[in-house]
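Please read the structure below before turning to the comments.
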Amino acid sequence: MSVSLEDVERAREVVADVVRRTYVFESRYLSRTTGGTIALKAENLQRTGSFKLRGALNKIAGLGDQTKGVVAASAGNHGQSVAYAARARGLTATIFMPERAPLAKIAAARESGAETVLQGESIEACVDDARAHAESEGLAFIHPYDDPEVIAGQGTIGLELVEEIEDLSKVLIPIGGGGLASGIATAIKAVEPAVEIVGIRSQCKLADGIAVKQPGEITAPLLEELLDEVVTVDENAIADAILLLLERTKLVVEGAGAVGVAALFQDQVQPAATGTTVAVLSGGNIDTGVLADLARHHETGRGRRLRIFTKIRDEPGSLAALLTAIGEGGANLIDDDHVREGVGLSVNETGVELVMETRGPEHAERLLALIRDLGYTPDVLS
């Protein structure tokens, strides 16, 4: 079963009243550091925070007037988008989600008016339950990727890229089940067959949005036919890409959405020698707690966050004296904690764990030297 350029063009007309035409812009930092011209397609700024809305709307449009409602299975972007699309078209939506689905994503689906059914340990189990429910209630099941109308809806991104970038040479697309990559590649290859399409995979938890074991029966042959290359990136590269995008472009991007940038910085993909290379930022629905953890880890790795443990005299004024010295050394104290067990303390000692913000690795080394000169023996913690 194939998807044509005409299918994608029809989809664009169908979804245009709801879907945003998201920004495409060059990142001077990425261009300078990678040696090519790098642009970003900010689909993380799409309604619902994900490209998935395009496919959901197009699928619903093809269901006909007799449809009472829709059913989907998802722990994230697909469920939110189906719920939003259903509300926009005046339909009911039921989303089956794993029992341990993130609370923020459950809330997002409910806010769009969907009924959420929490059952099962995995998304695969939810898919089976959702299909059965749809059949028993006479509702329409919307697959997250293995559906021609869903694929065509996602392909509308490809039409936007061809129209907005005159010298388009290469496009980097996240691959999970393959709906996004199949759709974009279908549109671009039909109009500009010389454009290189690169799929980016990852199976890590940070990129859970694309952690699908294999493409579907429809998407697999399309990917085989249309993609020029497929590469895989690891979790560390994705984490760095998320923070780089936040710091340099002020964009919040989830792990699955950042894999294209990760591939560039991990040298898994080289930018086009001529023309523009585009990384599709497919979504921005990252948990704020995860983002905070990544930021802390990133700052520590770059030497802008120093965490130490040391022993001090267990008497009034000891901690104050140490903190005064650290402040005079130009550090900003973020946290301090007394540790009294499991660290080999004598009766007149206490342990303290300090977290400080520094100006970089050299400043951190000066702070450590200052603390040692005062007679302390600091252990640097990761």
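The values are calculated or read from the model by the stated rules, or taken from the named source; none is laboratory data. What you see is a predicted model; the values in this text were computed from it and never measured. Because the Cβ atoms are built from the backbone with ideal geometry, glycine has one as well, and the counts that use them run over all protein chains shown. Accessible surface is based on the protein model in full, side chains and every heavy atom, while ligands, DNA and RNA are left aside. Shrake-Rupley method; radii C 1.70, N 1.55, O 1.52, S 1.80 Å.
Compute the FRET efficiency between Ala194 and Asp293 as 1/(1 + (r/R0)^6), taking r as their Cβ-Cβ distance and R0 = 35 Å, and round to the nearest 0.05. The value I calculate is 0.25.
Cα extents for segment 243-295 along the principal axes, largest to smallest and rounded to whole angstrom: 39, 18, 17.
Our summary of shape: the Cα atoms of segment 3-135 have principal axis extents of 51, 35, 26 Å, ordered from largest down, in whole angstrom. Using alpha carbons only, the radius of gyration of segment 77-209 set against its Kirkwood radius gives Rg/Rh = 1.03. Where the alpha-carbon atoms of the chain are placed on the principal axes, they occupy 79, 52, 32 Å, in descending order. The calculated FRET efficiency for the pair Asp167 and Glu247, based on their C-beta separation and a Förster distance of 22 Å, comes to about 0.20. Net charge dipole, the chain: roughly 700 debye, given to the nearest 20, about the Cα centre with Cβ charges of +1 for Lys and Arg and -1 for Asp and Glu. Between Arg20 and Val339, full extension at 0.36 nm per residue minus the direct alpha carbon distance yields a gain of 109.6 nm. Summarising the label geometry, the points placed 7 Å from Cα in the beta-carbon direction at Glu328 and Asp128 lie 6.9 nm from one another. Taken over segment 1-81, the alpha-carbon convex hull comes to 156 cubic angstrom per residue. Summary of packing: across the peptides 294-300, 241-247, the per-residue average of other C-beta atoms within 10 Å ranks them, highest first, as 241-247, 294-300. Using the Cα centre of segment 295-382 as origin and beta-carbon charges of +1 (Lys, Arg) and -1 (Asp, Glu), tell me which of Asn332, His297, Leu319 is placed farthest towards the positive end of the dipole. Final value for the positive-end residue is His297. Length available on full extension from Tyr376 to Asp65: 0.36 nm per residue minus the Cα-Cα distance, which gives 104.4 nm. Using just its DSSP H runs of length 4 or more, each adding -39500 (n - 2.57), the chain gives a mean residue ellipticity at 222 nm of -12000 deg cm²/dmol after division by all residues. Share of carbon and sulfur in the accessible area of the chain stands at 47%, probe radius 1.4 Å. Rolling a 1.4 angstrom probe over the protein heavy atoms with all chains in place gives segment 194-281 an accessible area of 44 Å² per residue.
Diagonalising the gyration tensor over the Cα atoms of segment 193-310 and scaling each eigenvalue by 5 before taking the square root yields semi-axes of 30, 17, 12 Å, largest first. In summary, the lysines within cross-link reach of Lys205, defined as a Cα separation below 17 angstrom excluding same-chain residues under 8 places away, comprise Lys105, Lys213.
So, for segment 328-382, what is the accessible surface per residue at a probe of 1.4 Å, expressed in square angstrom?
Numbers: 3500 Å² over 55 residues.
So segment 328-382 comes to 64 Å² accessible per residue, rounded to a whole number.
Set the Cα radius of gyration of segment 77-126 against 2.2 N^0.38 Å, with N its number of residues, and you get 1.05.
Taking a ≥ b ≥ c as the square roots of the eigenvalues of the Cα gyration tensor, an a/c ratio of 1.5 or more together with a/b larger than b/c marks segment 297-382 as prolate.
Add +1 for every Lys or Arg and -1 for every Asp or Glu among the other residues with Cβ under 14 Å from the Cβ of Ala273, and state the total. Spelling it out: positives minus negatives among the neighbours equals -1. Largest accessible area first, the listed residues Val343, Val71 line up as Val343, Val71 when surface is computed with a 1.4 Å probe on the assembled protein chains. If R0 is 30 Å, the Cβ-Cβ spacing of Glu137 and Glu99 corresponds to a FRET efficiency of close to 0.90. How big is the dipole moment of segment 1-48 about its Cα centre under a simple scheme where the beta carbon of each Lys and Arg is +1, that of each Asp and Glu is -1, and everything else is neutral? Debye, nearest 20, please. In total the dipole reaches around 340 debye.
Each Lys or Arg adds one and each Asp or Glu takes one away; over the other residues whose Cβ falls under 13 Å from the Cβ of Glu365, this sums to +2.
Counting heavy atoms of the protein chains only and a 1.4 Å probe, report the per residue accessible area for segment 19-119 as a whole number of Å².
Accessible area per residue, segment 19-119: 43 Å².
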